[in-house]
Amino acid sequence: MKLRQLLPNCKNLCFDTEISSITSDSRQVTAGSAFVCIKGPSVDGHDFAKSAAEKGAAVIICEKDLGLSNQIIVEDTRSLFAQMCATWFGNPAKSMKIIGITGTNGKTSTTYMLKTIIEAAGHKCGLIGTIQNMIGDEVIPAKNTTPGIYELSDLFAQMRDKGCEYVLMEVSSHALDQDRVKGIDFEAAVFTNLTQDHLDYHITMDNYLEAKKKLFKMCKTAIINADDDYTEKLLSGLTCKTVTYSASSDNATYTAKNINYRADGLEYELVGYNTICRMRIKTGGKFTVYNSMAATICAMELGFSLKDAAEALAQLEGVKGRAEVYPTGRDFTVIIDYAHTPDGLKNILRAFYGCKRGRLVALFGCGGDRDRTKRPIMGEVACSYADYVIVTSDNPRSEEPSLIIEDILEGMKNTSTPYEVIENRGEAIKFAIENAQKDDIIVLAGKGHETYQILKDGTIHFDEREVIAQVLENL
């Protein structure tokens with residue numbers, strides 16, 4: 001592709017040449033590449049421009065004068081790179097309906113619910129998310145909740161070429177803040193909730209909200225949780241069509257009425273203007289009410305019927321690592337869940353607290369190199385809702401697990417809830433199962449779908465399902 005085709009609106013384009021590839025990673029530069037210098041949170045691509053030129057880059061696109069003969073200076077390299085990637089792959093996003101789901105918790109479940117509804121109606125979907133990326137039933141491993149700019153355009157192209165009509169995306173605050181989805185016209189966007197997370201990156205909740213809000217300035221229709229504390233700020237200034245949903249108030253477009261919680265799921269009536277339908281979901285907890293409402297209402301805004309959406313969700317067995325029941329064959333229950341924020345932990349524990357007959361046991365840790373302020377809060381939450389708590393490790397990364405645990409214990413100082421500290425997560429799970437009592441519900445929080453653990457020395461294989469199976473086999 002010619003450089004002029006990639007940069008049709010560039011005012012500083014003073015030469016043209018054939019481009020063999022485009023990249024913002026200097027390690028991937030080959031002869032004829034266009035290298036785009038992007039300044040990231042920790043690495044500045046401008047520092048690698050000379051290396052890229054020496055490798056044979058045909059053009060260096062940058063935001064400042066680097067003294068290179070083949071440089072092109074532009075105002076915003078990140079935005080330009082997004083446009084270049086879309087052009088390189090033939091603007092694939094324009095041939096499909098893109099739906100974005102954002103929020104602290106609930107993105108994955110809502111995305112899978114929406115995929116279930118759309119596919120039940122006979123339409124092929126692409127999915128981009130935390131657990132994995134999918135093209136129909138084909139699974140593609142995911143590295144980030146939202147891929148990088150180039151990888152995202154590549155995925156869109158694969159989805160288009162394999163006949164996808166819809167793409168359902170989890171859109172992270174990092175991706176929004178870093179303009180990884182800039183230029184995408186979202187058919188609809190869903191806001192699930194906003195609670196404390198990622199403050200190591202965003203610093204303040206207001207910054208976190210502003211990052212999320214970017215998505216709703218890029219969509220035709222916004223489907224928004226009316227019960228969230230930040231909804232009023234989120235709605236302020238939006239010009240797109242807005243549809244709200246609530247599980248506690250009539251001051252929303254749609255409301256959940258007569259909610260009936262059970263250990264094996266829930267039922268409620270979805271009520272809106274001239275609309276009512278009985279919803280039956282096989283996953284429990286109030287968070288499931290919100291997630292299923294978001295998915296159903298989004299589907300309706302896309303033109304699918306409420307009746308068909310309800311029938312599709314009634315058949316959905318659940319999402320891996322989201323309130324996932326591990327079949328133990330014993331007189332106690334083990335739940336695997338991704339909850340790794342104070343609100344997420346509260347939601348999963350509260351969901352099972354209401355239907356427990358024995359003890360509710362919470363096993364959790366906190367990630368290293370992430371927001372330290374949420375650690376004592378999660379300790380306090382665990383002690384507030386569980387009958388017994390086991391504090392362990394999660395993904396400690398470069399931090400010492402024992403120091404992370406100390407931060408968690410700060411929030412448990414004034415509790416009367418009994419607890420145990422077992423740093424090794426495998427040993428902690430073994431302890432929980434070996435000491436399980438009749439009718440106990442053991443919630444393993446934090447890892448969810450993950451099959452690895454990130455330690456100081458590297459990433460190791462760690463699948464909680466395998467650990468549980470081995471412990472049960474030796475009981």
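Please give the number of the condition residue 171 fails out of (1) open to solvent by 50 Å² or more (accessible area, probe 1.4 Å); (2) under 22 Å from residue 42 (Cα atoms); (3) in contact (Cβ under 8 Å) with a residue 60 or more places away in the chain; (4) not polar (S, T, N, Q).
(1)
Tell me the residue from 405, 433, 468, 442 that is touching a helix residue (DSSP H, G or I) at 6+ places or on another chain (Cβ under 6 Å) and part of a helix (DSSP H, G or I), please.
So the residue among 405, 433, 468, 442 that is touching a helix residue (DSSP H, G or I) at 6+ places or on another chain (Cβ under 6 Å) and part of a helix (DSSP H, G or I) is 433.
Taking residue 15 as meeting all but one of (1) aromatic (Phe, Trp, Tyr); (2) part of a loop (DSSP other than H, G, I, E, B); (3) open to solvent by less than 30 Å² (accessible area, probe 1.4 Å), write down the number of the exception.
(3) is the only condition that residue 15 fails.
Among 407, 371, 439, which is modelled with pLDDT of 95 or more and out of contact with any His (no Cβ under 6 Å at 6 or more places or on another chain)?
Exactly one residue qualifies, and that residue is 407.
Can you tell me how many residues within segment 108-149 are in contact with a Phe, Trp or Tyr (Cβ under 8 Å, 6 or more places away or on another chain) and either among the charged types (D, E, K, R) or open to solvent by 40 Å² or more (accessible area, probe 1.4 Å) (or both)?
Residues that pass the stated criteria total 3.
Within segment 243-253, identify whether any single residue is of a type outside the set (Ser, Thr, Tyr) and open to solvent by 30 Å² or more (accessible area, probe 1.4 Å), and answer yes or no.
yes
I'm trying to understand the selection: among the residues of segment 410-436, which are more than 18 Å from residue 359 (Cα to Cα), over 32 Å from the mean Cα position of the chain (by Cα) and of a type in the set (Gly, Ala, Ser)?
If the condition is that a residue be more than 18 Å from residue 359 (Cα to Cα), over 32 Å from the mean Cα position of the chain (by Cα) and of a type in the set (Gly, Ala, Ser), then no residue fits.
Could you say whether any residue in segment 230-237 is among the acidic types (Asp, Glu), over 26 Å from residue 286 (Cβ atoms) and open to solvent by 50 Å² or more (accessible area, probe 1.4 Å)?
No, segment 230-237 has no match at all.
Need at least 3 residues that are touching a residue at least 60 places away in the same chain (Cβ under 8 Å) per element, so show me which strands (runs of 3 or more DSSP E) inside segment 40-119 make the cut, counting only ones lying wholly within it.
Correct list: 97-102.
Checking the condition under 20 Å from residue 148 (Cα atoms) and within 24 Å of the chain's Cα centre (by Cα), which residue from 34, 86 passes?
Of the residues listed, the single one that is under 20 Å from residue 148 (Cα atoms) and within 24 Å of the chain's Cα centre (by Cα) is 86.
Looking only at segment 185-220, filter to residues that are among the charged types (D, E, K, R) and part of a helix (DSSP H, G or I); which one of those is nearest to residue 370 (Cα to Cα)?
Among those residues, the one meeting the criterion is 200.
Within segment 437-450, track down each residue that is of a type in the set (Lys, Arg), buried (at least 20 other Cβ atoms within 10 Å of the Cβ) and more than 26 Å from the chain's Cα centre (by Cα).
Scanning segment 437-450 gives no hits.
Return the pair list, or none, for Cβ contacts closer than 6 Å from residues in segment 208-237 that are within 17 Å of residue 111 (Cβ to Cβ) to residues that are of a type in the set (D, E, K, R), at least 6 apart or on different chains.
Partner pairs satisfying both residue conditions: 221/241; 221/301.
Looking at segment 400-436, which of the residues that are small (Gly, Ala, Ser) and surrounded by fewer than 21 Cβ atoms within 10 Å (Cβ to Cβ) is farthest from residue 361 (Cα to Cα)?
Looking at the filtered set, the residue picked out is 402.
The values are calculated or read from the model by the stated rules, or taken from the named source; none is laboratory data. These numbers were taken from a predicted model, which means no experiment stands behind them. As a convention, Cβ positions derive from the backbone with ideal geometry for all residues, glycine included, and neighbour counts pool all protein chains shown. Keep in mind that these areas ignore ligands, DNA and RNA; they rest on the heavy atoms of the full protein, side chains included. Shrake-Rupley method; radii C 1.70, N 1.55, O 1.52, S 1.80 Å.
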